[in-house]
Amino acid sequence: MKISKRGEYALRALIDIGIARELGHELVQIRELAEQEKLPVKFLEQILMQLKSAGFIASKRGKRGGYYLDMPLNKIKFGAVIRLIDGPLAPIACVSQTAYERCTCPDEEHCGLRMLMLDVRNMLANILDKYTLQDSVDITLHKMKKDKVPLPFLMKMIGGISARTTAIAKKTSLPSPPRRKSPAKTKAGA
């Protein structure tokens, strides 16, 4: 099994939306996701629509709209996302639980290749169905904090800096984001 670029981008986008949620930002705009992960916007739009139609994410329209998780992070399993985007996890169709097709082998019950590929599929499924988006978000944030990497989505350019963002920055032992200065009033503009 090989995860396609589409599958990789879907997982990266979900992780970013999950990180944003953990940092107090429920909505993430598509341009933020595209910039964060250096992904093509049009391709990302198609992927997000697929994730949305499956119920993993939802969206809010408008200037301050964006995408948000429609399920708890601990309910989104990597295996389910990969199956949605890339299809069955099985390396050959005769061992698939979701897209089984009889193989060309004359004796499927005693086929050594099928038995091996069944073990491969089971191991893949066990791992990918065990790990959730919460696991990946937690690991990512822990590593970023440990390595003192600036956390994404900590400063929202739209709407200024929220009290929650400042509190999170203090809790994560990062310096508080700088406050925006109000534009100086001129005599002509006063």
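Quick one: how many residues across segment 139-152 are assigned to a helix (DSSP H, G or I) and free of Cβ contacts under 8 Å to residues at least 40 places away in the same chain? Residues that pass the stated criteria total 6.
All of (1) on the phi < 0 side of the Ramachandran plot; (2) modelled with pLDDT under 90 hold for residue 47 with one exception: (2). Applying the criterion of at least 1 residues that are of a type outside the set (Ser, Thr, Tyr) and touching a residue at least 60 places away in the same chain (Cβ under 8 Å) to the helices (runs of 4 or more DSSP H) found wholly in segment 21-98 leaves 30-37, 78-86.
Hey, among the residues in segment 60-98 that are closer than 21 Å to residue 119 by Cα and among the hydroxyl-bearing types (Ser, Thr, Tyr), which one's surrounded by the most Cβ atoms within 10 Å (Cβ to Cβ)? Within segment 60-98, the match that is surrounded by the most Cβ atoms within 10 Å (Cβ to Cβ) is 96.
Quickly run through segment 1-20 and pick out the residues that are in contact (Cβ under 8 Å) with a residue 60 or more places away in the chain, over 16 Å from residue 69 (Cα atoms) and in a helix (DSSP H, G or I). Once the filter is applied, which keeps residues that are in contact (Cβ under 8 Å) with a residue 60 or more places away in the chain, over 16 Å from residue 69 (Cα atoms) and in a helix (DSSP H, G or I), segment 1-20 yields 6, 7. Among the residues making up segment 31-50, those that are surrounded by 15 or more Cβ atoms within 10 Å (Cβ to Cβ) and out of contact with any helix residue (DSSP H, G or I) (no Cβ under 6 Å at 6 or more places or on another chain) are 32, 48, 50.
The values are calculated or read from the model by the stated rules, or taken from the named source; none is laboratory data. Nothing here was measured: the structure is a model prediction, and the numbers come from that model. Glycine gets a Cβ as well: all are built from the backbone with ideal geometry, and neighbour counts include every protein chain shown.
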